[in-house]
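The values are calculated or read from the model by the stated rules, or taken from the named source; none is laboratory data. Values in this document were obtained by computation on a predicted structure and should not be read as measured data. Heads up, the Cβs are rebuilt from the backbone with ideal geometry, glycines too, and the neighbour counts pull from every protein chain shown. Accessible surface areas use protein heavy atoms only, side chains included; no ligands, DNA or RNA. Shrake-Rupley method; radii C 1.70, N 1.55, O 1.52, S 1.80 Å.
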Amino acid sequence: MRRKQSEYMHWAKTQSRARFNLATSGVGAFPLGELGPLPPLEINGDNSYGYTPLKQAIAARYAVDPDCVVTAAGTSGANYLAFSTLLDPGDEVLIEHPTYGLLLDALEAVGAVVKRFARTHENGYALEAEAVRRAITPKTKLIVVTNLHNPSSVLTGESALRELGEIARSVGARLLVDEVYLDAVYDNTPRTSLLLGPDFVVTSSLTKVYGVSGLRCGWILAEPDLARAMWRMNDLFAATPVHPGELLSVAVFENLDAVRDRFRRIVEADRKVLTRFLDRVPGLSAVRTEWGTTAFLRLASGGADSFLERLRAECDTSAVPGRFFGLPECFRIGMGVNSEMFAEGLRRIEESL
Ligand SMILES: Cc1ncc(COP(=O)(O)O)c(C=O)c1O
């Protein structure tokens, strides 16, 4: 039987907690009390194929047609729904290495044949068209990338994405871009890559950059025919969305810039602390980025597993082991939750090195 679970998610849910928790990937929790007057809530609503005001809010924010929007339970639900709609068992999928582990787990669960192309530390984790060109075959059905890149937070620009789209098109494949971190580019936020062509499929949510993970407000953006197929596939999964969640999500969209700014301040303060840490501390290197809520650090010697075990046991500090990204000499840390906790976590990492 195919593997139908995720080691990473199980680890994250059961073993990542610590007083100084740098094993996060998104910003902290946005409290309901800060949302302002709540909309009238109702349990049931008109949402057979999504709640129109929510689809309109997503469409307006990302400058796409509401017919391109399929709502889902977080980016996780969006990715799984997209994969199950686009792929049959045995279909070949090309995905970046390293990447977010759940993407691999979900692809495996739907029976895809997974092939990889590398994004390397030495090359600043850039998405290189040449690496994709070398790995693609006439059997490739889908290319999958993250933008910003998880784990490194490296931003891929529009011209590189266009080139990737052309490579996908040359074999009749589509390009799925997981953009859950893209809105963490706070200035000149790039437009969604759905706007680059009908072969693009985008997934995202209000979780990582907006701190409202509990609403599970996620979505797929795809050309309308494909979007309709996704809604039909969703009849087999969730059937209909959770309506109170849709109402609250619309309220968050009405305040989206304020919610984002609230966390921007924390992320930017944390990045300053991280920059000083990386300037100062020997034995570690990282590709530095201007944006994003995660950073991927590489130890000059030794594996991260034993280091992180000691860090958690002796210093009550956690980070995500690089083994979950196929790079055991690395570990990922997260920004945007609490600047005092972040600074003290980094201090403890320094002390433990
Ligand atoms: C690239 C990427 N996609 C999707 C997710 C899941 O996001 P959500 O909480 O919206 O389901 C994560 C979570 O870490 C992620 O890093």
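Across the range 175-188, the number of residues qualifying as within 16 Å of the ligand (Cβ to nearest atom) and outside any helix (DSSP H, G or I) comes to 8. The residues listed here are Arg191, Arg162; of these, the one that is surrounded by fewer than 22 Cβ atoms within 10 Å (Cβ to Cβ), charged (D, E, K, R) and part of a loop (DSSP other than H, G, I, E, B) is Arg191. Contact map, the range 257-285: residues that are in contact (Cβ under 8 Å) with a residue 24 or more places away in the chain paired with residues that are polar (S, T, N, Q) and exposed (fewer than 15 other Cβ atoms within 10 Å of the Cβ), Cβ distance under 8 Å, separation 6+ or inter-chain. Pairs shown: Gly283/Ser301. In the range 38-83, the residue that is farthest from Leu194 (Cα to Cα) out of those that are open to solvent by less than 50 Å² (accessible area, probe 1.4 Å), within 16 Å of the ligand (Cβ to nearest atom) and not in a helix (DSSP H, G or I) is Ala72.
Candidates Gly197, Gly214, Gly218: the one that is surrounded by fewer than 20 Cβ atoms within 10 Å (Cβ to Cβ), out of contact with any Asp or Glu (no Cβ under 6 Å at 6 or more places or on another chain), modelled with pLDDT of 95 or more and within 22 Å of Gly50 (Cα to Cα) is Gly214. Tallying residues that are within 22 Å of Arg191 (Cα to Cα) and surrounded by fewer than 23 Cβ atoms within 10 Å (Cβ to Cβ) within the range 221-240 yields 4.
Taking the range 84-103 as the range and being of a type in the set (A, V, I, L, M) and either farther than 15 Å from Arg174 by Cα or surrounded by 21 or more Cβ atoms within 10 Å (Cβ to Cβ) (or both) as the test, the residues that pass are Leu86, Val93, Leu94, Ile95, Leu102, Leu103. Just the residues that are in a helix (DSSP H, G or I) and of a type in the set (Val, Ile, Thr), please, taken from the range 84-97. Of everything in the range 84-97, just one residue is in a helix (DSSP H, G or I) and of a type in the set (Val, Ile, Thr), namely Thr85. Whenever a residue of the range 18-33 is over 19 Å from Val212 (Cα atoms), its partners that are open to solvent by less than 20 Å² (accessible area, probe 1.4 Å), lying with C-beta atoms within less than 7 angstrom and at least six residues away or across chains, give the pairs Ala18/Thr317; Ala18/Ser318; Phe20/Thr317; Phe20/Gly345.
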